[in-house]
Each structure stands twice: as structure tokens, then as C-alpha cells.
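Comments concern the structure below.
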Amino acid sequence: MRTKNAIPFLSVLAATGCRGPEDYMHAGGPGAERIAWLGSFALIVFGATCVVMWLLIGWLAVRNRGTFDEHAPVDDEGGQRWIFIGGLAIPVVVLATALGMTLYVSTLFPMAAGHEGASEIRVTGHQWWFDARYLAANSEECGKALVERQPDVAVSVPTEIHVPVGTPIDVELVSHDVIHSFWIPKLHGKVDMVPGQTNHVRLEATRPGVFEGQCGEFCGVEHARMRVEVVAQSPYEFDQWLAAQRADAAEPTGVKELAGRDVFGRAACPFCHQIRGTGAHGNIGPDLTHIGSRHRIAGGSLENNTANLAAWITHAQSLKPGCQMPDLTRFSGEELLALVAYLQALR
Ligand code: CUA
């Protein structure tokens, strides 16, 4: 490749990792800030090492003189000093510094149980979606950071975790089936979700925004479609949101929505899904009490809109092969649209 062509190619390559929704170098909270700090240090040190090495190699290439006889190994102290300094002393200092900084950063992460051993939210990894359960404030197990705001009933919210800006929230991480990993790059490093074990992470957002995340451990064929987002809101907005989530499902008012509720009840849906305030108490799939208020469906892999909801109900196995949601293809067009309208009204 000619230099003229190489420059734009290399610039594009260098820019591909920048400013993405999961770019940990532009942190949204103290956890990721520390990782970004360590990342910058590593980039600078290893960039500088590369520059020095290429300069030395370039110098050798340009120098290019003498014969093999002239450059035959000479047993003098000078050569050994080069090897000692360049090959041993400098790498030891650089790597020991990097190790020390890594250990320091890991001590800053509260990975053990939070204050008083309690958490505010329990996130469970399922194949392939995350379920966030806001624990009930009056339970023994619940932490106190949200105590003014916690409902006295626990609520489950799949795929979308809301937190108030500026409040550290202790999160318990568990798994329902295989090993997953909870990873919100702009807020924190990866923490594994291991069956039979409870891990912890402290999430804190210092600015409002939507921070995208992804399962960070290969957990089956649909691992790539196991997404999650953390919505950081002002404390007031967060209170409004939590109060709305706490409420039972709204009674449908429109004719179409009422018809949709009947379709939901007659079909297989209530065996797997819960809609609080109705007869649907399934606990295999996500809680649908407020599905209309959520940004995404299908473990975060699809935007929550009419077309995707209809496609997900009828062809989940094409959209996410192997997931627990079956293809429900027996609805008439009218029934399907009514069902979608009912789900969208659950706000
Ligand atoms: Cu869950 Cu990968």
C-alpha cells in the first residue's frame, strides 16, 4: 500500500475505537475513571516503548555499514551493560510499576458486600438476559442507599437498570444458569456472575445518561445478544421511575388493548411471564408489568417498537435462536396487533 493510501486507512483504523457507547476511556463514574487512568498509563508507557524500539531499529537500518567480521561479538563490558539495562532493568521497573498500579486500582473496587453487607439491587444473569430486582426496603437483605425511595415490594426490571446520579448503589450479581459477566464499560470493569456464588459491584454514575453494557463472558450461542443498559437519572426522575415500576399494571382502556389482554391470558404467555395485578405469575421469562416503558426487548437486542414486538412474539427463534421464548405463530393478524397494543399500553 502506498503511503498516500495508507495515511487515511490508518487514521480510520485509529479512530474506530473512539467515542463508542461502550468506550471506557470516557467514563461516566468513578469506577471506570480509575480503569481509564490505568489504561492511559499503559497506553503511554507501551507507546513510548514502541517509539524507542522503532527508533533503534531505524538507526540500525540507516547505519548499515561494516562487515560481519567487524561486528563479531566482542567480549567486553559495554555489550553486557546494554543487555542488563535494556533487557532487564527497564522492563522490571516498567512492569513492576504497571503491576503496582493495577493492584492499587483493584483495591479501589468494592467487590465485597456493600455497606452493612447489603445491596439495593440484585442482578441475575439468565441465558440470555439480565434481570434487575430492586429489593424491598423493609427486607433484611436490602441496603440503605435507596431506603427513602425503595418500595416495600421488590420489583423486577429486565435489561434496564435505573440509578440516581451521584448515589453509589451496591449491586448483587448472581446467575441462574451458566457463568455470565456483568459489564458496563463506562461505569465499571467486568464482574463475573457465577452460579451458586454472589458477587458484588458498586455502580455510581456521576452524570445523567444511558450507559450501555454487555455480557462479558461467553455464555452460549446468544451471548452477543445479552445486553443491558444503566439509565442514570436525577434523583427526582429516578423516584418517579421507581414509583411507576412499583405500581401494578394499568388497566387497559382501549377496545384493542382489552382484546389484547384476553389474547395474552388465553395464550401460553402467563406460564412464563408475570404481569403484576393480573393473573399472570410466570417467572421463567422477563416481568412484563411495565414492558411498554422500556427502551429495548429481547435481552436488549431489539428496540421496543410495534414491528419488533410482533416479530419477537411470532419468530423469537429466528431472531435469537436457542432462547427460551418459543415462536407463537398461531395468532391471527388481528390478535397479534391487539396483543402488541396491550403490551405497549403497559407503561
Ligand atoms: Cu451471558 Cu455472555
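Computed from the coordinates by the stated procedures, all read-outs in this text should not be read as laboratory data. Remember, it's a predicted structure, so these values are computed and weren't measured experimentally. All Cβ positions, even for glycine, are placed from backbone atoms using ideal geometry, and neighbour counts span all protein chains on display.
The figures follow:
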read-out	value
Distance-filtered residues of segment 186-208 - backbone nitrogen under 18 Å, label point 7 angstrom along residue 108 Cα→Cβ	186-191, 201-207
Cα gyration tensor shape of segment 225-330, rounded if a/c is under 1.5, else prolate or oblate by comparing a/b with b/c	oblate
Likely footprinting exposure, 223, 26, fewest C-beta neighbours within 10 Å first	26, 223
Order by protection proxy (mean Cβ within 10 Å, highest first), peptides 43-50, 257-264, 233-240	257-264, 233-240, 43-50
Mean Kyte hydropathy of 0.0 or more with a Cα span along the axis of at least 20 Å, helices from DSSP in the chain	30-63, 90-107
Cα-based Lys pair tally, the chain, threshold under 29 Å, eight or more apart or on separate chains	5
